[in-house]
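Each value in this text was obtained by applying a stated rule to the coordinates, not by laboratory testing. Keep in mind it's a predicted model, so treat the numbers as computed, not measured. Here Cβ is always computed from backbone atoms with ideal geometry, including for glycine, and neighbour counts include all displayed protein chains.
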Amino acid sequence: MINRAKEIGDIIKKSKEVHIVSHIDADGITAGSIAYQTVKRLGKEPSIDFVKQLDEAIIERLKNENHALVWFTDLGSNISAQYPEINKIITDHHSCPEGSNKSYHLNPHLFNIDGGFEISGAGTTYLVSKTLNKENIDLSPLAIIGACGDLQDRRLGKLTGYNQEILKDGESSGHVKSKIDIRYFGRETRSIPKLLQYANNPILPGLSGREQACISFLQELGIRVQDGDNWRRWIDLNKSERMLIVSNIAQLLLTKGFGHTITKRILGEVYILEKEEEGTEVHEAKEFATLLNSTARYGQFDVGLQVCLGNRDKYLDEARNLLLGHRANLVEGLQFAKEEGIQKRKYIQFFHAGTGIRDTIVGIVTNMLLNSEEVSSDIPLVGFADKGDGEIKVSARGTQQLVSKGLNLSKAMKKAANELNGVGGGHNIAAGATIPKGKEEEFLEILESEIKSQLT
Ligand SMILES: [Mn+2]
C-alpha cells in the first residue's frame with residue numbers, strides 16, 4: 001500500500017493541475033480536505049467538488065471539464081477500470097469489482113485489508129499525502145476524524161489496523177491523544193443527562209430517550225447536574241464522578257441481561273484533537289465528524305472544507321448552525337420512519353420514507369433506527385427515500401454480528417441494484433444504492449434472496 005501511495009504521489013507531483021472529487025459524508029470531506037491541502041502545499045492551485053455518488057451526469061461533466069488530473073477520494077473504486085479518457089487517481093476504501101487493481105488506485109481491498117474498519121477514504125488519502133511531504137503529518141487528525149465518521153472504531157471500541165498507524169502519527173506530532181473513556185456521543189458539548197438520553201449501542205434501558213429519568217438517575221448517584229445555570233458536561237466531571245456513572249451504567253446493563261461483551265462497549269478509545277479548544281465540537285473526533293456530516297449533506301460543503309482546513313470563526317459558526325438543522329432533521333426523520341412503520345420480512349426489514357426524509361441522511365436514520373430500542377437488530381434494515389428525480393435512494397445497515405455470520409451488504413445491494421439498472425455498493429456492514437422509482441418491491445425480492453443465501 002505504501003508503494004502504491006508513492007506511485008500515486010508521483011503522478012500528483014507531475015501534474016500541472018488537480019481537480020478533487022470527494023464524497024459528501026464526514027470521511028469524504030476530511031479526505032477531500034487532505035487532498036486539497038496536499039495539492040496546495042505542492043504549490044498548485046487545486047479545485048474541489050463534493051458529490052453524493054459518481055453517476056453518469058458527474059462523469060459526463062468531468063469528461064467535458066477536461067482536467068489534467070482528477071483525484072477521486074472516498075469514492076471512485078467502482079469506476080477504476082472505466083473511463084480511460086479521464087486521467088485519474090483514486091484513494092478509496094469501498095469494495096471494488098474485479099479488475100480494479102490499477103497503478104493509480106489505492107484501496108485496502110486490493111491488498112487484502114478490510115476497508116470496512118482498518119482504514120477509511122481519508123486514511124488512504126493521507127497515506128498518499130504523507131509520501132509527498134513529511135509535514136503533512138499534521139493532516140493525520142483529519143484521517144482519524146474520517147475513520148470515526150465511517151464508524152471504523154465501532155467494532156472493537158477503538159481504531160485498529162492502518163488506522164492505528166495513522167493514530168501514531170497524530171500522537172507523535174502532538175495533534176491527537178487517545179484515551180479510554182465513555183464512548184457515548186457528546187462528551188464535549190452535551191449535558192450529562194442528554195448524553196445518557198441519546199445513548200445507543202448499547203441503549204440504556206429505562207434511560208435512553210427519557211430525559212427526566214436520566215436526571216433522576218444522576219441525582220440519585222449524588223452527581224450535581226448543574227453548575228449554577230449551566231448544565232455540566234462529561235468533560236466537566238472529575239474522575240471519581242465519571243467512574244461512578246460508568247460503573248452504575250455497567251451494573252444497569254448487566255442486571256438487564258446485556259452480558260459482558262455488550263456492556264464493555266460503553267468504554268473504549270476516544271480521540272482528542274489537542275490543538276483545538278476543549279468543550280467544542282472540534283475537540284473530539286466523533287463530534288467533529290458529526291459536525292462535518294451536517295455540512296456537505298445539505299449542499300454546504302465549503303463550510304465543512306473550510307473548518308477542516310483550519311478556517312474557523314465564521315465557518316465554525318455556520319457549521320454549528322447547520323448542525324442544529326441536521327439534529328432536527330434526524331429527530332424528525334426517526335419519528336417519520338417510526339410512524340411509517342418498519343415492515344418485517346424473513347431476512348430483511350424495511351421502511352419507505354418517500355419524500356419524508358432527505359436521501360442524503362436516510363443512511364444515518366437507518367443506522368440510528370437499527371440501534372434503537374424499538375427495532376430488532378437480528379436482520380438488516382433497509383431504508384428507501386425518494387430522490388425526487390425519478391430515482392430512489394436505498395440505504396442498508398447491518399450489525400457486526402450479522403457480518404460475522406456472512407452478511408455482505410455491499411455485494412447484495414450491488415447485485416440487486418444492477419439487476420434493475422441501478423448502482424449499488426459500499427461495505428459489508430453498510431451499503432447504499434440508487435434505483436429507478438417504482439422498482440422497490442422487486443429490489444427487496446432480489447436483495448432478500450441474496451441476503452438469505454449469505455446468512456444460511
Ligand atoms: Mn468512507
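Structure above, values below:
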quantity	calculated
Translational D in µm²/s for the chain (Stokes-Einstein at 10 °C, 1.306 mPa s, Kirkwood Rh from C-alpha pairs)	70
By average C-beta atoms within 10 angstrom, highest first, the peptides 147-155, 175-183	147-155, 175-183
Protection-proxy order for peptides 359-369, 313-323, each taking the mean of Cβ atoms within 10 Å per residue, highest first	359-369, 313-323
Computed over the stretch 341-455, Kirkwood Rh from alpha-carbon pairs, angstrom	13.5
Share of Cα-Cα pairs in the stretch 182-329 lying beyond 25 Å, as whole percent	34
Distant-in-sequence amide H partners of residue 423 (H built 1.01 Å from N, under 5 Å)	434
Given 346/405; 134/275; 102/452; 40/411; 179/286; 256/286, the pairs whose alpha carbons are separated by over 25 Å	102/452; 40/411; 256/286
Amide H partners (placed H, <5 Å) of residue 21, local residues excluded	49, 71, 72, 73
Per-residue [θ]222 nm for the chain (sum of -39500 (n - 2.57) over DSSP H runs n ≥ 4, rounded to 500)	-13500 deg cm²/dmol
Qualifying aspartates and glutamates (Cα of each under 20 Å from Cα of residue 6; at least 8 residues distant if same chain)	17, 74, 92, 118, 135, 138, 165, 169
20 Å Cα-Cα threshold exceeded, pairs from 52/414; 88/437; 414/439; 393/437; 16/63	88/437
Beta bridges per DSSP with both ends in the stretch 341-455, % antiparallel, nearest 5	85
Intensity falloff of the stretch 114-170 expressed as log10 I(q)/I(0), Debye formula with alpha-carbon point scatterers, at q = 0.23, 0.24, 0.27 Å⁻¹	-0.77, -0.83, -1.03
Qualifying trypsin sites (Lys or Arg not before Pro) for the stretch 340-370 [loop in DSSP, other Cβ within 10 Å: at most 12]	346
Ranked by how many other beta carbons lie within 10 Å on average, peptides 125-132, 436-443 from highest	125-132, 436-443
Taking the C-alpha atoms of the stretch 7-71, convex hull volume expressed per residue in Å³	80
Shape category assigned to the stretch 162-218 from the gyration tensor of Cα positions, a/c cut at 1.5	prolate
Residue order, fewest to most surrounding Cβ atoms within 10 angstrom, among 77, 100, 120, 216	216, 100, 77, 120
P(r) tail fraction, the stretch 36-128 - alpha-carbon pairs more than 20 Å apart, %	35
